[in-house]
Amino acid sequence: MIVDAVIACTVPQFPLQDSSMVPTVEWKDGAVRLLDQSQLPGKVVFLDCRDYLTVARAIKELVVRGAPAIGVTAAMGVAIGSQSIKTTSYDDFVNAVHDICDCLVATRPTAVNLCWAIERMKRRLSALRELPVADIKRLLVEESQRILDEDIALCKAIGQHGATLIASGHTVLTHCNAGALATAGYGTALGVIRAAWAQGKAIQVIADETRPVLQGARLTAWELMQDKIPVTLITDNMAGTLMRQGKIQLCIVGADRIAANGDVANKIGTYSVAVLAKAHGLPFYVAAPYSTIDLKTPTGADIPIEERNPLEVTTLHGSHAIAPAGVAVYNPAFDVTPAALITGIITERGVFRPQDLAAHFA
Ligand code: MRU
(Lines give C-alpha, C1' and ligand atoms only; values in the text may rest on other atoms or scores of the structure.)
Protein backbone atom coordinates (compact mmCIF):
# COMPACT_ATOMS: atom_id res chain seq x y z
CA MET A 1 0.00 0.00 0.00
CA ILE A 2 1.32 3.44 -0.87
CA VAL A 3 1.93 5.53 2.25
CA ASP A 4 2.53 9.17 1.34
CA ALA A 5 5.41 9.39 -1.15
CA VAL A 6 7.37 6.55 0.36
CA ILE A 7 6.06 3.04 -0.06
CA ALA A 8 8.62 1.35 2.16
CA CYS A 9 11.71 2.86 3.72
CA THR A 10 12.50 0.98 6.90
CA VAL A 11 15.73 -0.96 6.61
CA PRO A 12 15.18 -4.47 7.96
CA GLN A 13 17.92 -5.85 10.21
CA PHE A 14 19.19 -9.17 8.91
CA PRO A 15 22.49 -10.38 7.57
CA LEU A 16 22.79 -10.03 3.80
CA GLN A 17 23.86 -13.09 1.92
CA ASP A 18 26.34 -12.35 -0.81
CA SER A 19 25.85 -13.76 -4.25
CA SER A 20 28.20 -16.60 -5.16
CA MET A 21 28.75 -14.93 -8.55
CA VAL A 22 32.15 -14.35 -10.10
CA PRO A 23 32.87 -10.60 -10.45
CA THR A 24 31.29 -8.93 -13.49
CA VAL A 25 34.04 -6.32 -13.64
CA GLU A 26 37.18 -5.76 -11.60
CA TRP A 27 40.53 -4.02 -11.69
CA LYS A 28 42.99 -6.90 -11.81
CA ASP A 29 46.78 -6.74 -12.28
CA GLY A 30 46.66 -3.40 -14.10
CA ALA A 31 43.81 -4.43 -16.43
CA VAL A 32 40.03 -4.12 -16.47
CA ARG A 33 38.89 -7.74 -16.20
CA LEU A 34 35.39 -8.42 -17.59
CA LEU A 35 33.37 -11.59 -17.34
CA ASP A 36 32.51 -12.08 -21.03
CA GLN A 37 28.69 -12.17 -20.91
CA SER A 38 28.41 -12.71 -24.64
CA GLN A 39 29.74 -16.27 -24.03
CA LEU A 40 27.36 -17.16 -21.18
CA PRO A 41 25.95 -19.59 -20.29
CA GLY A 42 28.16 -21.84 -22.41
CA LYS A 43 31.55 -20.60 -21.24
CA VAL A 44 32.81 -18.67 -18.21
CA VAL A 45 35.67 -16.68 -19.73
CA PHE A 46 37.23 -13.32 -18.92
CA LEU A 47 38.45 -10.50 -21.11
CA ASP A 48 41.39 -8.47 -19.78
CA CYS A 49 41.21 -4.95 -21.23
CA ARG A 50 44.59 -3.19 -21.16
CA ASP A 51 43.51 -0.08 -23.08
CA TYR A 52 40.37 2.05 -23.25
CA LEU A 53 39.53 1.11 -26.84
CA THR A 54 39.16 -2.54 -25.80
CA VAL A 55 36.90 -1.39 -22.96
CA ALA A 56 34.80 0.67 -25.39
CA ARG A 57 34.46 -2.27 -27.78
CA ALA A 58 33.51 -4.60 -24.90
CA ILE A 59 30.68 -2.25 -23.87
CA LYS A 60 29.42 -1.88 -27.45
CA GLU A 61 29.53 -5.62 -28.14
CA LEU A 62 27.78 -6.59 -24.86
CA VAL A 63 30.77 -8.36 -23.30
CA VAL A 64 29.62 -6.26 -20.34
CA ARG A 65 26.04 -4.96 -20.23
CA GLY A 66 23.42 -3.72 -17.80
CA ALA A 67 23.31 -0.03 -16.89
CA PRO A 68 25.25 -0.01 -13.59
CA ALA A 69 27.88 -2.48 -14.89
CA ILE A 70 28.38 -0.32 -17.98
CA GLY A 71 28.91 2.72 -15.73
CA VAL A 72 31.50 0.98 -13.54
CA THR A 73 33.30 -0.41 -16.61
CA ALA A 74 33.40 2.99 -18.30
CA ALA A 75 34.92 4.55 -15.15
CA MET A 76 37.59 1.83 -15.21
CA GLY A 77 38.02 2.50 -18.93
CA VAL A 78 38.84 6.13 -18.13
CA ALA A 79 41.28 4.96 -15.46
CA ILE A 80 43.06 2.44 -17.72
CA GLY A 81 43.17 4.90 -20.62
CA SER A 82 44.73 7.58 -18.44
CA GLN A 83 47.62 5.27 -17.43
CA SER A 84 49.21 5.37 -20.88
CA ILE A 85 48.97 9.14 -21.48
CA LYS A 86 52.55 10.37 -21.83
CA THR A 87 52.71 13.90 -20.44
CA THR A 88 53.50 15.67 -17.21
CA SER A 89 51.37 18.71 -18.10
CA TYR A 90 48.00 18.75 -16.33
CA ASP A 91 46.29 20.58 -19.22
CA ASP A 92 47.54 18.11 -21.84
CA PHE A 93 46.56 15.24 -19.55
CA VAL A 94 43.02 16.60 -19.09
CA ASN A 95 42.55 17.01 -22.84
CA ALA A 96 43.66 13.43 -23.47
CA VAL A 97 41.40 12.06 -20.68
CA HIS A 98 38.45 14.00 -22.08
CA ASP A 99 39.02 12.40 -25.50
CA ILE A 100 38.90 8.99 -23.82
CA CYS A 101 35.66 10.01 -22.05
CA ASP A 102 34.11 11.09 -25.38
CA CYS A 103 34.94 7.71 -26.92
CA LEU A 104 33.50 5.73 -24.00
CA VAL A 105 30.34 7.82 -23.66
CA ALA A 106 29.48 7.23 -27.33
CA THR A 107 29.35 3.42 -26.94
CA ARG A 108 25.73 3.05 -25.79
CA PRO A 109 23.22 5.92 -25.61
CA THR A 110 20.37 4.76 -23.35
CA ALA A 111 21.91 3.70 -20.02
CA VAL A 112 22.49 6.99 -18.20
CA ASN A 113 24.83 5.32 -15.68
CA LEU A 114 27.47 5.47 -18.42
CA CYS A 115 27.39 9.31 -18.63
CA TRP A 116 26.98 9.52 -14.85
CA ALA A 117 30.18 7.53 -14.21
CA ILE A 118 32.16 9.44 -16.85
CA GLU A 119 31.03 12.80 -15.41
CA ARG A 120 32.08 11.64 -11.95
CA MET A 121 35.55 10.71 -13.25
CA LYS A 122 35.84 14.13 -14.92
CA ARG A 123 34.89 15.89 -11.67
CA ARG A 124 37.55 13.90 -9.79
CA LEU A 125 40.11 14.80 -12.44
CA SER A 126 39.28 18.46 -12.04
CA ALA A 127 39.49 18.28 -8.24
CA LEU A 128 43.00 16.78 -8.47
CA ARG A 129 44.44 19.55 -10.66
CA GLU A 130 47.12 20.60 -8.13
CA LEU A 131 48.75 17.15 -8.02
CA PRO A 132 51.45 15.68 -10.27
CA VAL A 133 50.03 13.67 -13.20
CA ALA A 134 51.53 10.42 -11.83
CA ASP A 135 49.50 10.82 -8.63
CA ILE A 136 46.34 11.73 -10.56
CA LYS A 137 46.64 8.52 -12.58
CA ARG A 138 46.70 6.45 -9.38
CA LEU A 139 43.79 8.37 -7.86
CA LEU A 140 41.64 7.89 -10.98
CA VAL A 141 42.04 4.14 -10.55
CA GLU A 142 41.00 4.55 -6.90
CA GLU A 143 37.92 6.58 -7.91
CA SER A 144 36.80 3.91 -10.37
CA GLN A 145 37.21 1.28 -7.65
CA ARG A 146 35.11 3.47 -5.32
CA ILE A 147 32.35 3.62 -7.96
CA LEU A 148 32.45 -0.19 -8.14
CA ASP A 149 32.33 -0.65 -4.36
CA GLU A 150 29.50 1.87 -4.04
CA ASP A 151 27.49 0.11 -6.73
CA ILE A 152 27.51 -3.14 -4.76
CA ALA A 153 26.47 -1.28 -1.59
CA LEU A 154 23.64 0.47 -3.48
CA CYS A 155 22.38 -2.85 -4.82
CA LYS A 156 22.36 -4.36 -1.33
CA ALA A 157 20.37 -1.41 0.03
CA ILE A 158 17.91 -1.73 -2.89
CA GLY A 159 17.63 -5.41 -2.03
CA GLN A 160 16.77 -4.68 1.60
CA HIS A 161 14.05 -2.18 0.71
CA GLY A 162 12.59 -4.25 -2.08
CA ALA A 163 12.50 -7.51 -0.12
CA THR A 164 9.76 -6.04 2.08
CA LEU A 165 7.46 -6.13 -0.97
CA ILE A 166 7.83 -9.89 -1.48
CA ALA A 167 6.04 -12.44 0.69
CA SER A 168 6.85 -16.10 1.14
CA GLY A 169 5.04 -18.07 -1.55
CA HIS A 170 5.24 -15.27 -4.12
CA THR A 171 6.31 -15.84 -7.71
CA VAL A 172 8.13 -12.86 -9.23
CA LEU A 173 8.39 -12.21 -12.95
CA THR A 174 11.48 -10.39 -14.19
CA HIS A 175 12.53 -9.29 -17.67
CA CYS A 176 16.06 -9.11 -19.11
CA ASN A 177 18.90 -9.36 -16.59
CA ALA A 178 19.11 -6.84 -13.76
CA GLY A 179 21.29 -9.03 -11.60
CA ALA A 180 24.87 -9.33 -10.37
CA LEU A 181 25.86 -9.58 -14.03
CA ALA A 182 24.26 -6.21 -14.82
CA THR A 183 25.91 -4.42 -11.89
CA ALA A 184 29.23 -4.59 -10.03
CA GLY A 185 27.55 -7.35 -8.00
CA TYR A 186 24.32 -8.47 -6.29
CA GLY A 187 21.96 -6.79 -8.77
CA THR A 188 18.99 -4.43 -8.63
CA ALA A 189 15.82 -6.40 -9.52
CA LEU A 190 17.64 -9.66 -8.77
CA GLY A 191 19.16 -8.00 -5.69
CA VAL A 192 15.61 -7.65 -4.36
CA ILE A 193 14.97 -11.32 -5.13
CA ARG A 194 18.32 -12.32 -3.55
CA ALA A 195 17.53 -10.38 -0.38
CA ALA A 196 14.06 -11.94 -0.08
CA TRP A 197 15.56 -15.40 -0.62
CA ALA A 198 18.26 -14.70 1.99
CA GLN A 199 15.47 -13.84 4.46
CA GLY A 200 14.22 -17.38 4.04
CA LYS A 201 11.16 -16.51 1.95
CA ALA A 202 10.02 -19.37 -0.27
CA ILE A 203 9.88 -17.56 -3.61
CA GLN A 204 10.02 -18.53 -7.25
CA VAL A 205 11.21 -16.50 -10.22
CA ILE A 206 9.81 -16.48 -13.74
CA ALA A 207 12.46 -15.25 -16.18
CA ASP A 208 11.33 -13.90 -19.56
CA GLU A 209 13.81 -15.10 -22.17
CA THR A 210 14.08 -11.50 -23.48
CA ARG A 211 14.35 -11.54 -27.25
CA PRO A 212 16.39 -10.77 -29.24
CA VAL A 213 19.63 -11.02 -27.22
CA LEU A 214 18.20 -13.47 -24.66
CA GLN A 215 19.56 -11.86 -21.49
CA GLY A 216 16.78 -13.58 -19.51
CA ALA A 217 17.52 -17.06 -20.85
CA ARG A 218 21.30 -16.81 -21.03
CA LEU A 219 22.03 -14.65 -17.99
CA THR A 220 19.15 -14.39 -15.49
CA ALA A 221 18.41 -18.13 -15.54
CA TRP A 222 22.14 -18.91 -15.23
CA GLU A 223 22.73 -16.38 -12.45
CA LEU A 224 19.78 -17.52 -10.32
CA MET A 225 20.72 -21.17 -10.80
CA GLN A 226 24.25 -20.36 -9.54
CA ASP A 227 22.64 -19.15 -6.29
CA LYS A 228 20.11 -22.01 -6.25
CA ILE A 229 17.14 -19.61 -6.37
CA PRO A 230 14.20 -21.41 -8.05
CA VAL A 231 13.74 -20.06 -11.58
CA THR A 232 11.53 -21.06 -14.49
CA LEU A 233 12.30 -19.79 -17.98
CA ILE A 234 9.49 -18.72 -20.33
CA THR A 235 9.43 -17.13 -23.76
CA ASP A 236 8.35 -13.49 -23.75
CA ASN A 237 4.91 -14.24 -25.20
CA MET A 238 3.96 -16.54 -22.30
CA ALA A 239 3.87 -13.91 -19.53
CA GLY A 240 0.21 -12.93 -20.10
CA THR A 241 -1.01 -16.51 -19.84
CA LEU A 242 0.86 -17.07 -16.56
CA MET A 243 -0.60 -13.86 -15.13
CA ARG A 244 -4.11 -14.93 -16.17
CA GLN A 245 -3.56 -18.30 -14.52
CA GLY A 246 -2.67 -16.55 -11.23
CA LYS A 247 0.89 -17.88 -11.34
CA ILE A 248 2.61 -14.50 -10.88
CA GLN A 249 2.16 -12.17 -7.87
CA LEU A 250 4.43 -9.28 -8.86
CA CYS A 251 6.89 -8.06 -11.50
CA ILE A 252 10.28 -6.47 -10.79
CA VAL A 253 12.58 -5.15 -13.51
CA GLY A 254 15.67 -2.95 -13.70
CA ALA A 255 16.11 0.37 -15.52
CA ASP A 256 18.53 1.99 -17.92
CA ARG A 257 17.28 5.53 -17.34
CA ILE A 258 14.51 7.05 -15.26
CA ALA A 259 13.25 10.43 -16.46
CA ALA A 260 12.22 13.25 -14.11
CA ASN A 261 8.51 12.40 -14.48
CA GLY A 262 9.11 8.77 -13.47
CA ASP A 263 8.96 7.22 -16.96
CA VAL A 264 11.42 4.32 -17.21
CA ALA A 265 13.55 3.11 -20.11
CA ASN A 266 14.49 -0.55 -19.83
CA LYS A 267 15.07 -3.56 -22.08
CA ILE A 268 12.67 -3.88 -25.01
CA GLY A 269 9.60 -5.81 -23.87
CA THR A 270 9.45 -4.20 -20.42
CA TYR A 271 6.55 -1.97 -21.52
CA SER A 272 4.56 -5.01 -22.65
CA VAL A 273 5.09 -6.66 -19.25
CA ALA A 274 3.91 -3.48 -17.50
CA VAL A 275 0.75 -3.32 -19.65
CA LEU A 276 0.04 -6.99 -18.91
CA ALA A 277 0.61 -6.45 -15.18
CA LYS A 278 -1.84 -3.53 -15.19
CA ALA A 279 -4.44 -5.60 -17.06
CA HIS A 280 -4.16 -8.36 -14.46
CA GLY A 281 -4.05 -6.05 -11.41
CA LEU A 282 -0.48 -7.05 -10.51
CA PRO A 283 2.13 -4.73 -8.95
CA PHE A 284 4.90 -3.67 -11.33
CA TYR A 285 8.12 -2.45 -9.66
CA VAL A 286 11.33 -0.99 -11.06
CA ALA A 287 14.56 -1.36 -9.04
CA ALA A 288 17.41 1.12 -9.67
CA PRO A 289 20.12 3.15 -7.91
CA TYR A 290 20.34 6.96 -7.96
CA SER A 291 22.88 6.77 -10.80
CA THR A 292 20.03 5.63 -13.10
CA ILE A 293 17.83 8.64 -12.28
CA ASP A 294 18.23 11.41 -14.86
CA LEU A 295 16.45 14.54 -13.70
CA LYS A 296 17.82 16.46 -16.71
CA THR A 297 15.63 14.32 -18.99
CA PRO A 298 12.05 15.54 -18.46
CA THR A 299 10.05 12.56 -19.79
CA GLY A 300 10.48 9.14 -21.33
CA ALA A 301 9.95 10.64 -24.78
CA ASP A 302 13.27 12.50 -24.34
CA ILE A 303 15.30 9.33 -23.62
CA PRO A 304 17.55 8.28 -26.54
CA ILE A 305 16.75 4.70 -27.53
CA GLU A 306 19.58 2.60 -28.94
CA GLU A 307 18.90 0.71 -32.16
CA ARG A 308 21.07 -2.33 -32.66
CA ASN A 309 22.26 -4.55 -35.49
CA PRO A 310 19.41 -6.29 -37.40
CA LEU A 311 21.42 -9.53 -37.19
CA GLU A 312 20.35 -9.76 -33.52
CA VAL A 313 16.80 -10.30 -34.82
CA THR A 314 17.40 -12.29 -38.00
CA THR A 315 19.98 -14.77 -36.65
CA LEU A 316 20.83 -16.75 -33.56
CA HIS A 317 24.25 -15.64 -32.27
CA GLY A 318 24.93 -13.77 -35.51
CA SER A 319 25.23 -16.94 -37.59
CA HIS A 320 22.20 -19.28 -37.79
CA ALA A 321 19.57 -17.48 -39.93
CA ILE A 322 15.99 -17.49 -38.59
CA ALA A 323 14.54 -14.99 -41.09
CA PRO A 324 14.77 -14.55 -44.86
CA ALA A 325 17.84 -12.68 -46.06
CA GLY A 326 17.12 -9.02 -46.76
CA VAL A 327 13.97 -8.73 -44.63
CA ALA A 328 13.41 -5.24 -43.18
CA VAL A 329 14.14 -5.20 -39.44
CA TYR A 330 13.46 -2.75 -36.61
CA ASN A 331 15.57 -3.49 -33.53
CA PRO A 332 15.21 -0.95 -30.70
CA ALA A 333 17.11 -2.29 -27.67
CA PHE A 334 14.93 -0.49 -25.11
CA ASP A 335 11.40 0.78 -24.60
CA VAL A 336 9.81 3.29 -22.26
CA THR A 337 7.28 2.33 -19.60
CA PRO A 338 5.14 5.32 -18.60
CA ALA A 339 5.11 6.23 -14.91
CA ALA A 340 1.36 5.53 -14.77
CA LEU A 341 2.05 1.80 -15.20
CA ILE A 342 4.66 1.63 -12.42
CA THR A 343 3.57 0.78 -8.86
CA GLY A 344 6.84 1.88 -7.26
CA ILE A 345 10.54 2.50 -7.86
CA ILE A 346 12.79 0.63 -5.44
CA THR A 347 15.93 2.65 -4.68
CA GLU A 348 18.68 2.56 -2.06
CA ARG A 349 16.67 5.19 -0.12
CA GLY A 350 13.35 3.35 -0.11
CA VAL A 351 10.45 2.70 -2.46
CA PHE A 352 8.82 5.71 -4.10
CA ARG A 353 5.91 6.37 -6.41
CA PRO A 354 7.43 7.28 -9.79
CA GLN A 355 5.92 10.77 -9.76
CA ASP A 356 7.53 11.45 -6.34
CA LEU A 357 11.03 10.32 -7.30
CA ALA A 358 12.29 13.69 -8.56
CA ALA A 359 11.47 15.45 -5.28
CA HIS A 360 13.46 12.85 -3.34
CA PHE A 361 16.51 12.83 -5.61
CA ALA A 362 16.71 16.55 -6.52
O1 MRU B 1 21.17 -4.30 -23.47
P2 MRU B 1 21.46 -4.59 -22.03
O3 MRU B 1 21.66 -6.04 -21.75
O4 MRU B 1 22.58 -3.72 -21.50
O5 MRU B 1 20.13 -4.14 -21.27
C6 MRU B 1 20.10 -4.28 -19.87
C7 MRU B 1 18.80 -3.88 -19.27
O8 MRU B 1 17.90 -3.42 -19.94
C9 MRU B 1 18.70 -3.98 -17.78
O10 MRU B 1 17.41 -4.32 -17.39
C11 MRU B 1 19.06 -2.61 -17.18
O12 MRU B 1 20.27 -2.16 -17.66
C13 MRU B 1 19.09 -2.65 -15.71
S14 MRU B 1 20.48 -3.56 -15.09
C15 MRU B 1 20.51 -3.43 -13.40
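The values are calculated or read from the model by the stated rules, or taken from the named source; none is laboratory data. Keep in mind the model is a prediction, meaning the values are calculated, not measured. Note that we place each Cβ from the backbone using ideal geometry, even for glycine, and neighbour counts take in every protein chain shown. Ligands, DNA and RNA are excluded from the accessible area calculation, which covers all protein heavy atoms including side chains. Shrake-Rupley method; radii C 1.70, N 1.55, O 1.52, S 1.80 Å.
Any chance the range 176-195 includes a residue that's surrounded by fewer than 20 Cβ atoms within 10 Å (Cβ to Cβ) and charged (D, E, K, R)?
No, there is no match, as no residue in the range 176-195 is surrounded by fewer than 20 Cβ atoms within 10 Å (Cβ to Cβ) and charged (D, E, K, R).
Please determine, by comparing only the residues of the range 261-271 that are under 25 Å from Pro212 (Cβ atoms) and more than 9 Å from the ligand (Cβ to nearest atom), which one is surrounded by the most Cβ atoms within 10 Å (Cβ to Cβ).
Out of the qualifying residues, it is Val264.
Please verify whether Leu154 is within 11 Å of the ligand (Cβ to nearest atom), open to solvent by 10 Å² or more (accessible area, probe 1.4 Å) and under 23 Å from Tyr290 (Cα atoms), treating the condition exactly as stated.
yes
Mind checking which residues of the range 1-44 are aliphatic (A, V, I, L, M), open to solvent by 50 Å² or more (accessible area, probe 1.4 Å) and at pLDDT 50 or above?
Result: Val22, Val44.
Quick one: in the range 217-237, of everything that is farther than 22 Å from Ala184 by Cα and hydroxyl-bearing (Ser, Thr, Tyr), which residue is surrounded by the most Cβ atoms within 10 Å (Cβ to Cβ)?
Thr232
Yes/no matrix, rows are residues, columns are (1) free of Cβ contacts under 8 Å to residues at least 12 places away in the same chain; (2) over 14 Å from Pro109 (Cβ atoms):
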site: Asp302; (1), (2): no, no
site: Ile305; (1), (2): no, no
site: Pro310; (1), (2): no, yes
site: Val313; (1), (2): no, yes
site: His320; (1), (2): yes, yes
site: Pro324; (1), (2): yes, yes
site: Val327; (1), (2): no, yes
site: Tyr330; (1), (2): no, yes
site: Pro338; (1), (2): no, yes
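Which is more than 18 Å from Ile234 (Cβ to Cβ) and either assigned to a helix (DSSP H, G or I) or within 9 Å of the ligand (Cβ to nearest atom) (or both), of Ala274, Ala255?
Ala255
Condition check: away from the ligand (no atom under 13 Å from the Cβ) and surrounded by fewer than 17 Cβ atoms within 10 Å (Cβ to Cβ). Does Thr54 satisfy that?
no
Would you mind telling me which numbered condition in (1) crowded, with 18+ Cβ neighbours inside 10 Å; (2) within 16 Å of the ligand (Cβ to nearest atom); (3) in contact (Cβ under 8 Å) with a residue 40 or more places away in the chain Val63 fails?
(3)
Any residue at all in the range 86-107 that's within 16 Å of the ligand (Cβ to nearest atom), surrounded by 20 or more Cβ atoms within 10 Å (Cβ to Cβ) and under 30 Å from Met225 (Cβ atoms)?
Yes, because at least one residue in the range 86-107 is within 16 Å of the ligand (Cβ to nearest atom), surrounded by 20 or more Cβ atoms within 10 Å (Cβ to Cβ) and under 30 Å from Met225 (Cβ atoms).
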